[in-house]
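Below: one structure, written as structure tokens.
The values are calculated or read from the model by the stated rules, or taken from the named source; none is laboratory data. Treat the numbers as computed from the prediction; the structure is a model and nothing was measured. As a convention, Cβ positions derive from the backbone with ideal geometry for all residues, glycine included, and neighbour counts pool all protein chains shown. For accessibility, only protein heavy atoms count, side chains too; no ligands or nucleic acids. Shrake-Rupley method; radii C 1.70, N 1.55, O 1.52, S 1.80 Å.
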Amino acid sequence: MGRGAEICLLWAGPDTRFESEAPCMKEIFLGISALTPPTRSDDVVETLLEFPDNRLLIELCGEFDRNLAQIEHQMGVHVLRRGNRLAVIGDRGAREQAAAVIRGLYARLESGRAIVAGDIDAAIRLGRLPSATETLRGAAPEGEQIELFSGSPMGLRTRKKPIEARTEAQKAYVANLFQNELGFGIGPAGTGKTYLAVAVGVTMFISGAVEKIVLSRPAVEAGERLGFLPGDMKEKVDPYMQPLYDALNDFLPAKQVEKLIAEKRIEIAPLAFMRGRTLSNAFIVLDEAQNATSMQMKMFLTRLGEGSRMVVTGDRTQVDLPRGTASGLAEAERILKGVKGVSFNYFTSKDVVRHPLVGRIIEAYEADEAQGS
């Protein structure tokens, strides 16, 4: 049988089971296993998936079947392992979604890529079948969504590891960064705005599309006064720039990062240092843009030179500017909407790819703010 082949069974009673020869029969009804919890509706059925490579199946299941447990928990199904087969049990919609996700993960393993918890979460997010409403709105069909995850047209290759968009919003964001000279990524913390922007920059740098990477952010303290910091200028501003260094070190070997910084092919500098410059043939990222003033934002956006790409990321809910000072990000969003060559992508708590608790924390704060307004 081919990869992920389905075996369809028909349950007639406790002592009799018939295997259907009709190719269209794909479901069994009622009791399946003594280990299966009581069913919730008459629509609960089972789909059996068969996998030819037991080694890959072990990787798919994970240590102590933890990968299957994650799929069960997030998708509301039960997954039972029977030799080289997996039985997916649940309501029709959930079962089909889970089966599609499992096939996509197995295809990932066949292509030589490993699976971690984040990859499973990404497969679940990208592999869900569209609802009837989403289909009417033009959402992609199931096969296309799984292909987008498995085939990875939104995948980014860096020196250390490949990077993949993990949500629909991230896919659209990455696509826009390649298609537009100026892109904005706006949303809460943990949604991958800056991480993906730096990954796109590294990808374009490696491919030769740009000659340098310039990463910047406002040197604004997050609600506390640190006083005068010791050391030279670099040592004073490095603590503010550390998140950008962290992202670079995820994509490039540390020695190569040091070499490229020494050669000025990678620059990490505070926003204030951008005045008076023209940045040509460069990939430029402004992080924490909500802490740029209106004047600073206009100054930064007009640094764009020939052959360059620019990305601006920020979270409108985490402004650390002095009270009464308008955020340049909000102003730029208002002024530049509809300008050709400029894209805006928005993220929500559903796009958080850090710890799942981060998404719930953001939702709780949003709910509290909504009640107070």
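Taken together, the residues in the stretch 320-364 that are crowded, with 19+ Cβ neighbours inside 10 Å, part of a loop (DSSP other than H, G, I, E, B) and at pLDDT 90 or above amount to 1.
Scanning the stretch 185-208 for residues that are touching a residue at least 60 places away in the same chain (Cβ under 8 Å) and not in a helix (DSSP H, G or I) turns up Gly185, Ile186, Gly187, Pro188, Ala189, Gly190, Thr191, Gly192.
Look at the stretch 342-366: where a residue is closer than 30 Å to Leu304 by Cα and aromatic (Phe, Trp, Tyr) and a partner is assigned to a loop (DSSP other than H, G, I, E, B) and open to solvent by 80 Å² or more (accessible area, probe 1.4 Å), sitting 6+ places away or on another chain with Cβ atoms under 9 Å, you get Phe344/Lys337. What are the residues in the stretch 85-110 that are out of contact with any Asp or Glu (no Cβ under 6 Å at 6 or more places or on another chain) and either more than 22 Å from Glu164 (Cβ to Cβ) or among the aromatic types (Phe, Trp, Tyr) (or both), if any? Once the filter is applied, which keeps residues that are out of contact with any Asp or Glu (no Cβ under 6 Å at 6 or more places or on another chain) and either more than 22 Å from Glu164 (Cβ to Cβ) or among the aromatic types (Phe, Trp, Tyr) (or both), the stretch 85-110 yields Leu86, Val88, Gly90, Gly93, Ala94, Arg95, Glu96, Tyr106. Assess whether Leu9 counts as being buried (at least 17 other Cβ atoms within 10 Å of the Cβ) and either of a type in the set (S, T, N, Q) or at pLDDT 80 or above (or both). The answer is no for Leu9.
Take Lys264 and tell me if it is surrounded by fewer than 16 Cβ atoms within 10 Å (Cβ to Cβ), in contact with a helix residue (DSSP H, G or I) (Cβ under 9 Å, 6 or more places away or on another chain), without any contact (Cβ under 8 Å) to a residue 60 or more places away in the chain and not β-branched (Val, Ile, Thr). Here the answer is no, as Lys264 does not meet what is asked.
Out of Val214, Val220, Val210, one residue alone is surrounded by 11 or more Cβ atoms within 10 Å (Cβ to Cβ) and either at pLDDT below 85 or out of contact with any helix residue (DSSP H, G or I) (no Cβ under 9 Å at 6 or more places or on another chain) (or both). It is Val220. When Met299 is tested against (1) in a loop (DSSP other than H, G, I, E, B); (2) open to solvent by less than 60 Å² (accessible area, probe 1.4 Å), just one condition goes unmet, and that condition is (1).
Criterion first (at pLDDT 75 or above, closer than 30 Å to Ala209 by Cβ and either among the β-branched types (Val, Ile, Thr) or surrounded by fewer than 21 Cβ atoms within 10 Å (Cβ to Cβ) (or both)) does Ala172 satisfy it? Taking the combined requirement at face value, the residue satisfies it. Contact map, the stretch 85-104: first residue without any contact (Cβ under 8 Å) to a residue 24 or more places away in the chain and closer than 11 Å to Val45 by Cβ, second residue of a type in the set (A, V, I, L, M) and in a helix (DSSP H, G or I), Cβ cut-off under 7 Å, separation 6 or more or different chains; pairs are Ala94/Met75.
Whenever a residue of the stretch 170-184 is closer than 15 Å to Asp287 by Cα, its partners that are of a type in the set (Ser, Thr, Tyr) and surrounded by 19 or more Cβ atoms within 10 Å (Cβ to Cβ), lying with C-beta atoms within less than 8 angstrom and at least six residues away or across chains, give the pairs Leu177/Ser343; Leu182/Ser343; Gly183/Tyr173; Gly183/Ser343; Phe184/Thr313; Phe184/Ser343. Would it be correct to say that Arg309 is under 27 Å from Phe205 (Cα atoms), open to solvent by less than 60 Å² (accessible area, probe 1.4 Å) and touching a residue at least 40 places away in the same chain (Cβ under 8 Å)? So Arg309 passes the test.
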